[in-house]
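Novice: Before I ask anything, here is the structure I am working with.
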Amino acid sequence: MRINEAIYAYIDSMRATKGLTLDQIATEARRYGATWTPGFISGMKRNASAASLFNMLILVKSLESLTGKPLVLSDLFPGEGEIKLDGGGSISREELRKALNGNHFELLGIPPKKKTDDPVIQQLNQALLNSIPNIMAKVSEYLVSTALNGPSKIRNEMTHHSPTLSEQRAADKVGITAPAFAAICLLRYGRFLDEETARRAGQNSSPQKRGRETRGVIEEIDLCIDHMINDGPIGFPALQDSNSTDLTTHDDEQSRVAETLNKLRRGDLDIAAYEDEHKFDGDGDDPA
């Protein structure tokens, strides 16, 4: 387990025992000068976010504030096991806790140099990391295209919807565009963010209750996007609505969505050509 993954595992355990959300942790971290989002925190589990000393210090202080429990850096690495370090080395959790507490420690052996240590390969890996914003842009375009080319009910609602302020703020947190956030809410829940939040919170709910429900939806959407990027296509409930399409159309729709996302992940989808090919005339029925 890498150090990023170990830290995310600790965050997960604190969320389970203390009832915290990623949005709460990210918001608290910003009080200490960080620029975290829920997506940044979830990125630790796939090594897309750095486990720097600064980030570990911010995390400890944020969790202290949220739980009221005094914490030190070594608390981030409980239990037993091995932590992999950059450069090919590793350290046991026990020795890592010693190091973070200012005591003498031992490292485990460093294996022979791998091909991935080659400077050229490292440059390629860095290029992949630099491409993350472009990936999120393509994900945004894919989500909007999927909604606009979905069943007529979804298509009509998406065509006539303008992103709300809450959708714009939520989109900033997960790294996609506001129309894309509106689209994924519609595809996942059958309604947009404000309507889904109101449904969960109930009538005459307090602003605090609505805020908690909004954070819950944002966290679910963030994990949904994470799944799309790492594991491939997902079956959106709105595309499985038997009232919107028969079984044959449903199978065709799911196959087309799966193939489109696979092309997106491979990087060989021409978004502009795709949108031109699937433009609609605006009446909510058939392509122009």
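Novice: Shape of the range 28-83 from its Cα gyration tensor (a ≥ b ≥ c, root eigenvalues): rounded if a/c is under 1.5, otherwise prolate when a/b > b/c, or oblate? Before the final figure, lay out each step's value.
Specialist: Numbers: a/c = 1.95, a/b = 1.06, b/c = 1.84.
It comes out oblate by the Cα gyration axes.
Novice: Ranking request for peptides 20-29, 197-206, 91-100: highest mean number of other beta-carbon atoms within 10 Å first, then the rest in descending order. Don't skip to the end; give the middle numbers.
Specialist: On the way: 20-29: 20.2, 197-206: 13.3, 91-100: 18.0.
Ranking the peptides 20-29, 197-206, 91-100 by packing returns 20-29, 91-100, 197-206.
Novice: Compute the distance in nm between two label points, each set 7 Å from the Cα along the Cα-to-Cβ direction, one at ARG191 and one at LYS18.
Specialist: 3.2
Novice: If I model a spin label at ILE234 and ASN134 as a point 7 Å from the Cα along the Cα→Cβ vector, what separation in nanometres do I get?
Specialist: The answer from the label model is 2.5 nm.
Novice: Using the structure shown, select from LYS18/LYS138; LYS98/LYS173; LYS18/LYS45 the pairs with a Cα to Cα distance greater than 29 angstrom.
Specialist: On the way: LYS18/LYS138 36 Å; LYS98/LYS173 36 Å; LYS18/LYS45 20 Å.
Too far apart for the 29 Å limit: LYS18/LYS138; LYS98/LYS173.
Novice: Want the number for LEU85 to LYS69: 0.36 nm per residue separation, take away the alpha-carbon distance, what's left?
Specialist: Numbers: separation 16, 0.36 × 16 = 5.76 nm, distance 2.83 nm.
Value of the extension gain: 2.9 nm.
Novice: Determine the sum of side-chain charges near GLY79: Lys and Arg each +1, Asp and Glu each -1, restricted to other residues whose C-beta is under 12 angstrom from that of GLY79.
Specialist: On the way: positive: ARG93, ARG97; negative: ASP75, GLU80, GLU82, GLU94.
Result for the local shell: -2.
Novice: Skipping prolines and chain starts, which residues have an amide H placed within reach, meaning under 5 Å, of the one on LEU108, given they are 5 or more residues away or on another chain?
Specialist: Here SER90, ILE91, SER92 satisfy the definition.
Novice: Quick one: go through the range 5-29 and flag any residue whose amide nitrogen is under 18 Å from the point 7 Å out along the Cα-to-Cβ line of PHE54.
Specialist: Counting only backbone N, you get 26-29.
Novice: What are the residues whose amide H is under 5 Å from the amide H of ARG2, where those residues sit 5 or more places off or on another chain and H is modelled from the backbone?
Specialist: Counting only residues 5 or more places away or on other chains, the set is LYS84.
Novice: Would you please classify the overall shape of the range 137-204 from the alpha carbon gyration tensor, given that a ≥ b ≥ c denote the square roots of the eigenvalues, rounded means a/c under 1.5, and beyond that prolate means a/b larger than b/c while oblate covers the rest? Numbers along the way, then the final one.
Specialist: Numbers: a/c = 2.13, a/b = 1.22, b/c = 1.74.
Judged from the Cα gyration tensor, the range 137-204 comes out oblate (a/c at least 1.5, b/c at or above a/b).
Novice: What does the charge count near ALA198 come to, summing +1 for each Lys or Arg and -1 for each Asp or Glu among other residues with Cβ under 14 Å from its Cβ?
Specialist: Values: positive: ARG191, ARG199, ARG200, LYS209, ARG210, ARG212; negative: GLU167, ASP194, GLU195, GLU196, GLU213.
In short, +1.
Novice: Taking the Cα centroid of the range 193-216 and of the range 134-157, what is the distance between the two, rounded to the nearest whole Å?
Specialist: The two parts, judged by their Cα centres, are 25 Å apart.
Read the figures in this text as sums done on the coordinates, not as results from a lab. From a predicted model like this one, the values you see are computed outputs, not experimental measurements. Neighbour counts are summed over all protein chains in view; Cβ atoms, including those assigned to glycine, are modelled from backbone coordinates with ideal geometry.
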